[in-house]
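The structure under discussion appears below in the form of structure tokens.
Computed from the coordinates by the stated procedures, all read-outs in this text should not be read as laboratory data. For clarity, every value in this text was computed on a predicted model and none was experimentally measured. Using ideal geometry, Cβ is built from the backbone for each residue, glycine included, and neighbour counts are taken over all protein chains shown.
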């Protein structure tokens with residue numbers, strides 16, 4: 001097998017790969033929206049200013065058979081400044097299911113080529129942190145197998161995710177819900193219709209797009225600001241990202257942007273997107289002053305009903321462990337976090353320190369009463385400014 005690994009360090013260079021990139025995703029069984037050119041290039045234009053692009057592409061002759069969209073950033077971890085290699089769109093809190101697509105049969109070759117690249121370019125990085133890899137990622141599996149038997153420092157963690165497997169009919173889906181929720185779907189929908197002129201629709205036209213996206217920003221921010229939090233869309237970069245993404249996905253037929261109108265005014269919005277037979281739910285907002293109307297609840301129910309009729313088979317809530325997701329029939333899954341570094345280097349030392357810290361915390365969590373653990377966690381949050389930076393995506397590295 002004669003293969004070649006090439007590196008690309010700017011979007012202009014990557015543009016030449018677009019046709020073969022799309023073909024690669026068509027033939028990669030686990031591909032999702034998060035590995036598409038549209039997602040990655042849009043994210044990079046909005047969030048990539050403080051990083052260096054590094055995409056590794058494996059070719060068999062002239063055919064693209066594997067793609068690793070990566071980036072390198074200088075990050076402060078404790079007392080150290082580290083050059084961190086991440087999956088390209090990791091770090092903003094908007095991307096999950098990040099993967100390295102590869103044609104079946106080339107998994108091991110591609111993974112070995114990536115590791116060899118890092119070995120030869122050791123002066124350019126300190127630690128690799130590949131977060132939110134899907135559990136069925138073939139490259140993730142190969143990476144873990146190779147690194148476990150290598151002298152490199154290697155740790156693997158997991159974070160929670162959840163998705164709803166959708167049955168063939170709405171009636172079958174309703175059987176997955178509690179009797180109370182089944183009744184409430186009908187009850188609150190009828191109550192809205194009796195109080196307001198109600199309309200639920202999916203944004204399909206470009207002239208609807210700006211109104212729906214701005215409503216998402218307004219409603220999401222209103223809810224979180226009322227709770228004393230800044231909200232996701234306080235960031236100009238994130239607002240630009242979602243606006244750009246909506247236009248791109250609408251053009252591709254991937255956008256699942258749904259709105260609930262009451263008397264002509266949008267009162268709830270759901271921002272999602274479709275890839276193959278899966279819909280990924282990313283953000284939402286509703287009028288928090290009308291919380292008793294259960295606007296988000298009604299909207300999600302109507303969206304799921306329509307998606308089931310269109311043969312969508314998975315409604316993916318992505319990362320996190322919010323309790324409300326299980327009420328909709330979500331099943332728990334996980335993402336893989338693969339962190340590695342060269343032995344005896346500063347990156348390896350940091351990974352070992354972080355792992356030891358995590359194990360100590362887990363020991364304390366098991367030994368302390370839950371009330372004491374919760375109190376310590378709240379005190380720590382206050383000391384650190386009210387919002388923790390420790391996330392499932394980066395276990396402990398912000399300590």
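Sort 335, 157 by Cβ crowding within 10 Å, fewest neighbours at the top.
157, 335
What whole-number value in cubic angstrom gives the convex hull volume per residue for the C-alpha atoms of segment 285-343?
149 Å³
If I take the Cα coordinates of segment 167-312 and project them onto the principal axes, what are the three extents in Å, biggest first?
Sorted largest first, the three principal extents are 42, 36, 26 Å.
Measure nothing but the geometry: give the 0 to 90° angle between the long axis through the Cα atoms of 346-367 and the longest principal axis through the Cα atoms of the chain, rounded to 10°.
50 degrees
Using Cα atoms only, what is the angle between the long axis of helix 206-226 and the major principal axis of the chain, expressed in degrees (0 to 90) to the nearest 10?
Between helix and principal axis, roughly 90 degrees.
Semi-axes, largest first, in whole Å: what does sqrt of 5 times each Cα gyration tensor eigenvalue give for the chain?
Working through the eigenvalues yields semi-axes of 37, 27, 20 Å.
Which whole-number percentage describes the relative contact order of the chain, with Cα contacts under 8 Å and a sequence gap of 6 or more?
Rounded, it is 20 percent for the chain.
Can you sort 333, 162, 371 from fewest to most other Cβ atoms within 10 Å of each residue's own Cβ?
Fewest to most other Cβ atoms nearby, the residues stand as 371, 333, 162.
Looking at the calculated P(r) for segment 1-85, what percent of the C-alpha pair distances fall above 16 Å?
Everything past 16 Å amounts to 57 percent.
How large are Rg and Dmax for segment 103-142 when only the alpha carbon atoms are used, in Å?
Computed over the Cα atoms of segment 103-142, radius of gyration and Dmax are 11.5, 32 Å.
Springs between alpha-carbon pairs under 10 angstrom, Gaussian network model over the chain: which of 275, 324, 201 fluctuates most?
324
Any idea how far apart residue 360 and residue 20 come out in nm if each label point goes 7 Å out from Cα toward Cβ?
It is 4.9 nm.
Using alpha-carbon positions, what is the distance between the centroids of segment 198-215 and segment 57-103, in Å?
Taking the Cα centre of each part, segment 198-215 and segment 57-103 sit 33 Å apart.
Debye sum, Cα scatterers, segment 151-245, no solvent: what log₁₀ I/I(0) at q = 0.19 1/Å?
-1.17
Quick one: grab Rg to one decimal and Dmax as a whole number for segment 239-350, Cα atoms only, in Å.
18.3, 65
On a 0 to 90 degree scale, rounded to 10, what angle separates helix 370-383 from the longest Cα axis of the chain?
For 370-383 against the chain, the angle is about 80 degrees.
Test of understanding: in a Gaussian network model of the chain with alpha carbons linked when under 10 Å, which of 76, 239, 202 would top the mean-square fluctuation ranking?
76
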